[in-house]
Amino acid sequence: MVKWFNVGKIVNTHGIRGEVRVISKTDFPEERYKEGNVLHLFLPKSTTPIELTVKSHRPHKNFNLLTFEGYENINEVEKFRDGILKITESQQSELEEDEFYYHEIIGCLVVTTSGEEIGKVTEILSPGANDVWVVKGEDGKEVYIPYIKDVVKKVDVKEKVVLIEPMEGLLS
């Protein structure tokens, strides 16, 4: 069975030449949306994905703008709105040490070096210089953990556990 991974959602069209606005859900937009790459589009009411080849990619504000080979104007891509772009597991590349895919981190239990359980990672934000991991505790309270060496000491994706050394004020 094929395992699929979300890399983005088409939220709108952009201009009249077949460009679509994508909210990226990938750690590597430059790699995923590279010219010639194959993405699979899953539309809300369809069970069969549409295979698309990236023709162009450019970042624009908080979006990624893509065009696909064979889709030259707005009328041809209008139907792609609300579709989810996915890749197969085999399309994932090997990562460097201390690099992880979002799906490997989400769901991990976060524990401090003193043994206190903080909660589970529910989301990953990429606001700037480093990612921020959103951790939801048992009480429903969210804690924001910056993914930096000073804080995140160990990540065990097999055991789904993240060990952190909280800096002052991080958990209060």
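The values are calculated or read from the model by the stated rules, or taken from the named source; none is laboratory data. A quick note: this is a predicted structure, and the numbers were derived from the prediction, not measured. As a convention, Cβ positions derive from the backbone with ideal geometry for all residues, glycine included, and neighbour counts pool all protein chains shown.
One table, with the values for the structure above:
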read-out	value
Residue among 140, 107, 119, 128 that is modelled with pLDDT of 90 or more and in a loop (DSSP other than H, G, I, E, B)	107
Those residues of segment 6-46 which are of a type in the set (S, T, N, Q) and within 27 Å of residue 104 (Cβ to Cβ), in sequence order	6, 24, 26, 37
Of all residues in segment 9-35 being of a type in the set (Gly, Ala, Ser) and more than 30 Å from residue 129 (Cβ to Cβ), the one that is surrounded by the most Cβ atoms within 10 Å (Cβ to Cβ)	18
Selected residue (criterion: surrounded by the most Cβ atoms within 10 Å (Cβ to Cβ)) from residues of segment 62-91 that are within 17 Å of the chain's Cα centre (by Cα) and of a type in the set (D, E, K, R)	86
Of the criteria (1) assigned to a loop (DSSP other than H, G, I, E, B); (2) hydroxyl-bearing (Ser, Thr, Tyr); (3) surrounded by 11 or more Cβ atoms within 10 Å (Cβ to Cβ), which one residue 114 fails	(3)
Selection from segment 132-171 of residues that are without any contact (Cβ under 8 Å) to a residue 40 or more places away in the chain and either within 20 Å of residue 26 (Cα to Cα) or within 16 Å of the chain's Cα centre (by Cα) (or both)	132, 133, 134, 135, 144, 145, 146, 147, 148
When residues of segment 30-55 are limited to those that are out of contact with any Leu (no Cβ under 7 Å at 6 or more places or on another chain) and hydroxyl-bearing (Ser, Thr, Tyr), the one modelled with the highest pLDDT	53
Candidate set: segment 17-29, residues that are of a type in the set (A, V, I, L, M) and touching a Leu at 6+ places or on another chain (Cβ under 8 Å); chosen: the one modelled with the lowest pLDDT	22
